[in-house]
1. So Gln313 ticks every box in (1) closer than 30 Å to Tyr219 by Cα; (2) surrounded by 23 or more Cβ atoms within 10 Å (Cβ to Cβ) but one. Which box is left unticked?
2. Please state which one of Phe196, Phe152, Phe127 is out of contact with any helix residue (DSSP H, G or I) (no Cβ under 8 Å at 6 or more places or on another chain), buried (at least 22 other Cβ atoms within 10 Å of the Cβ) and among the aromatic types (Phe, Trp, Tyr).
3. Considering only segment 87-99, state which residues are under 9 Å from Thr167 (Cβ atoms) and modelled with pLDDT of 75 or more.
4. Just for segment 216-231: of the residues that are in contact (Cβ under 8 Å) with a residue 60 or more places away in the chain and either within 19 Å of the chain's Cα centre (by Cα) or within 15 Å of the ligand (Cβ to nearest atom) (or both), which one is surrounded by the most Cβ atoms within 10 Å (Cβ to Cβ)?
5. Just checking, does segment 277-290 include any residue being within 25 Å of Glu111 (Cβ to Cβ) and either outside any loop (DSSP other than H, G, I, E, B) or within 15 Å of the chain's Cα centre (by Cα) (or both)?
6. Looking at segment 173-183, which of its residues are buried (at least 16 other Cβ atoms within 10 Å of the Cβ) and touching a Ser or Thr at 6+ places or on another chain (Cβ under 9 Å)?
7. Can you give me the number of residues within segment 326-340 that are assigned to a helix (DSSP H, G or I) and in contact with a Phe, Trp or Tyr (Cβ under 9 Å, 6 or more places away or on another chain)?
8. Would you confirm whether any residue within segment 97-108 is within 12 Å of the ligand (Cβ to nearest atom), part of a helix (DSSP H, G or I) and in contact (Cβ under 8 Å) with a residue 40 or more places away in the chain?
Amino acid sequence: MGSSTQSPQSPRSPQSPKSKAASPAPAVAPLSAEAQNAAGILPAAHWTEQPLPEEDIDDGASSIGSFSSTTASLSSSIYKYREVHGRTYHAEIGNAESWQPNDQRHVDAMEIWYHAVTLQMGGKLFFSPLEQKKVNRALDIGTGLGLWAIDFADEFPNAEVIGTDVTPIQPSWVPPNVKFELDDCNKEWTWPDNTFDFVNLRYLIGVVDDWDALFRNAYRVAKPGAYVESLVPGSYFLSDDGTVKEGSSLDQWGRVFREGGKRIGRTFSILEEDLQRKGMEAAGFVDIEFKDFRCPMGTWPSDKEEAEKALWQKFAVEADLEGYINYMWHSVLGWTADEAKAFARHLRRDINNPKIHGYMISRVVWGRKPE
Ligand SMILES: C[S@@+](CC[C@H](N)C(=O)[O-])C[C@H]1O[C@@H](n2cnc3c(N)ncnc32)[C@H](O)[C@@H]1O
């Protein structure tokens, strides 16, 4: 299992986009004030009218580095990104209304996130009962930086691992048994039936149009006896002692993502709606099991292990807080940059408040295709 805090020269360093191109305005119309109100989303003025002490808030500027890689043969059109309030997002393939930026700043945050998730999973890459000698081909859908695919390939050196994504942010220096492909998981998958021994669907939150269709695709390409596994975070910040209050920035974070997900047609309520289990069952997977993880965030846990997890989760969000909220707050709520910044400032303060004992639940579900 590798660490996620690699130097820029490491094999894992993601590629930076070659260029960014002006692109069409986002297709979604912002939610009406009535719809926001009905969803319990507080107006921007709630945050702008509660000034906080001046903090050194990064305004979310992204650094676009130079690009050089073996994937230069890919059509240059895939590097034409759409731009929303100064951040870039993938375009061209897949549903271009992606909520996560793909610029260097976000890529750096995703790398920290990978480490935070690894800690939450107790260092495990998967929970399915995989047998080394039975895994010859594995598929990682929405691979992001490809870190899971690379770690899995290290653990299964005899397996071929394919990672797919709609945006080319994967590194070019990878183990020989890893391959990355640009592919839209919301389209019919092109691999033949019965191809893979393991299909990994990790953190595809706000990415999937139809979770049942996703698991049907996974079932078709899985070999008999193969496993599918899906990990998602919940969409609520919780606390056992009521310190995450209704109307707080942490409460609003989840509300906006849930409403935004509905708006873009890709739900964030996967865990709450039990879509992993339902989708696996409907597709025909059997022996379905699940495990929930408590994922604290901030500086509040006193237990050493929990404190480490919480700190890394905090680092991961803070590394690009503006990038996480940019699309939803600007394009879905229609807020100005200053309004979104005011919210971000409150969120950052609450994440760092040791009196707020916030955590999320993540759920991993796995199942087997019958022989
Ligand atoms: C939250 S990241 C998860 C990355 C990785 N699976 C992990 O767990 O570290 C979600 C990824 O899904 C990708 N994605 C978005 N829409 C997609 C689509 N339609 N098909 C495939 N991947 C997509 C994004 O580009 C992003 O890299």
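The values are calculated or read from the model by the stated rules, or taken from the named source; none is laboratory data. For clarity, every value in this text was computed on a predicted model and none was experimentally measured. Methodologically, a virtual Cβ is constructed for each residue, glycine included, from the backbone with ideal geometry; neighbour enumeration extends over all protein chains shown.
1. (1)
2. That would be Phe152, the only listed residue that is out of contact with any helix residue (DSSP H, G or I) (no Cβ under 8 Å at 6 or more places or on another chain), buried (at least 22 other Cβ atoms within 10 Å of the Cβ) and among the aromatic types (Phe, Trp, Tyr).
3. Ser98
4. Val228
5. no
6. Passing the criteria: Phe180, Leu182, Asp183.
7. Total satisfying the criteria: 8.
8. Yes, some residue in segment 97-108 is within 12 Å of the ligand (Cβ to nearest atom), part of a helix (DSSP H, G or I) and in contact (Cβ under 8 Å) with a residue 40 or more places away in the chain.
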